[in-house]
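Comments concern the structure below.
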Amino acid sequence: MPLLFEPIRWRDLQLPNRIVIAPLCQYSADEGRASDWHLIHLGHLALSGAGLMFLEATAVEPDGRISPDDLGLWSDETEQALGRVLTSVRRWSDIPIGVQLAHAGRKASTRVPWVGGGQIGPDQPRGWRTWGPSDVPFKPEEAAPQALDAAGLDRVLHAFVQGARRAERLGLDAVEIHAAHGYLLHQFLSPLSNFRDDAFGGGLEGRMRFPLQVFEAVRAAWPQAKPVSVRISASDWVEGGWDLEQSIAFVQALKDRGCDVIHVSSAGLSPEQQIAVGPGYQTGFAARIRAETGLPTIAVGLITDPVQAEHVLTTGQADMVALARAMLYDPRWPWHAAAALGASVRAPNQYLRSQPHGLRELFAS
């Protein structure tokens, strides 16, 4: 059996294989409420045969949305709308589903990508004043965020906790805390965006303090039998910014507090980033973090080929692989990977007739 198709266990959550559908922002919600687009989108990905599907970055408060059209989980209305979608998806698929709880911080209030993605100013329609660890904008020409004071920190932490509790009521299987890609918790971690002179800034210990508090609060609010993962950017790809050594220290602190898995990405904090992009360009980060901390990792980033994915696992670089754009392009990627590697994968009964001639063992019973 290829390692890619061997099961893996996170606490009481048994995953049938090691393929993860990474969070994929859809920018198609109605004031945070999941829409029919989410039913279509999640419905067809739920039939992919992947071991785990994460919902897109899901804002824990309205000001934490990347765009006005982002998915949210901060109210009874947003919870009910997402519940409607999940009920329909689960009727036809038993794929484990996780939610990525997120706050965009200073990178909030933006246009959707297909109309440019630039910041919507607080004085413009559908825009709002953003929040951050410090009053430093993502780009010099953008409106500066408001630095979170003690009350603001408490509000955001409480919002993450409430998001986790709503996710539990919805019966979701895992929670991931988004501390990557230049969003709020990453902004606290990086010295390029955190200029605070209180207990939440300064050296590494101070910059890690609020993200660790958020993790501790979510872990306490989430059922002990269910896993909590954290997605990090292992490097800002900017000199003097957040880097791999600091990431290892952060992951060790997360492990000490009960984190189950680290989802290892990179970048997103600064427009000055210089990324050495190539196939699997982030897997080295996942491998080093796994080796140094002993915590299971998910590798992500230009992993597109089944043989490549299998190599990442068999060489000990990660315990699972996540696909984002590749899964959008080919929603049956796990089927094709199973065929290429000589494994089998779950498929709905309605699709069993699609099995190509000569691959009669492709679909598991």
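A short reminder: the numbers here are calculations on the coordinates, not readings from a lab. Fair warning: this is a prediction, and the values are worked out from it, not measured in the lab. Here the Cβ is made from the backbone with ideal geometry for all residues, glycine too, and neighbour counts use every protein chain on show.
Derived scalar couplings between HN and Hα for the stretch 158-168 equal 4, 5, 4, 5, 5, x, 5, 5, 5, 4, 5 Hz in order, rounded to whole Hz, by the Karplus curve 6.51 cos²θ - 1.76 cosθ + 1.60 (θ = phi - 60°), x for Gly and Pro.
The stretch 142-204 and the stretch 47-114 have Cα centres spaced 17 Å apart. If I histogram all Cα-Cα distances within the chain using bins 10 Å wide from 0, what percent of pairs lands in each bin? Per 10 Å bin, starting at zero, the Cα-Cα P(r) for the chain comes out as 5, 25, 35, 25, 8, 2, 0 percent. Close amide H pairs (under 5 Å, H built 1.01 Å from N) link LEU55 with GLY98, VAL99, GLN100, residues at least 5 positions away or on another chain. Here the stretch 275-306 is scanned for amide nitrogen atoms under 17 Å from the site 7 Å beyond the Cα of GLU245 along Cα-to-Cβ, giving 285, 288-289, 292-293.
Using the Karplus relation 6.51 cos²θ - 1.76 cosθ + 1.60 with θ = phi - 60°, the per-residue 3J(HN,Hα) values for the stretch 253-265 come to 5, 5, 4, 4, 9, x, 5, 9, 8, 10, 9, 9, 10 Hz, with x marking Gly and Pro.
Highest mean first, the peptides 178-189, 142-153 sorted by other C-beta atoms within 10 Å per residue fall in the order 178-189, 142-153. Under 17 Å from a label point set 7 Å out along the Cα-to-Cβ vector of ASP197, the amide N atoms of the stretch 137-160 belong to 147-150.
Taking 7 Å steps out from each Cα toward its Cβ at ASP76 and ALA217 produces label points 2.3 nm apart.
Length available on full extension from GLU31 to ARG165: 0.36 nm per residue minus the Cα-Cα distance, which gives 46.2 nm.
Cα centroids of the stretch 1-39 and the stretch 208-273: how far apart, whole angstrom? First find each Cα centre; the distance between them is then 19 Å. With a Förster radius of 25 Å applied to the C-beta separation of THR314 and ALA291, the computed FRET efficiency comes to 0.95.
Residue separation of LEU341 and ILE275 scaled by 0.36 nm, minus their Cα-Cα distance, works out to 20.7 nm of gained length. Between ALA225 and ARG257, the FRET efficiency estimated from the beta carbon spacing at R0 = 30 angstrom works out to 0.95.
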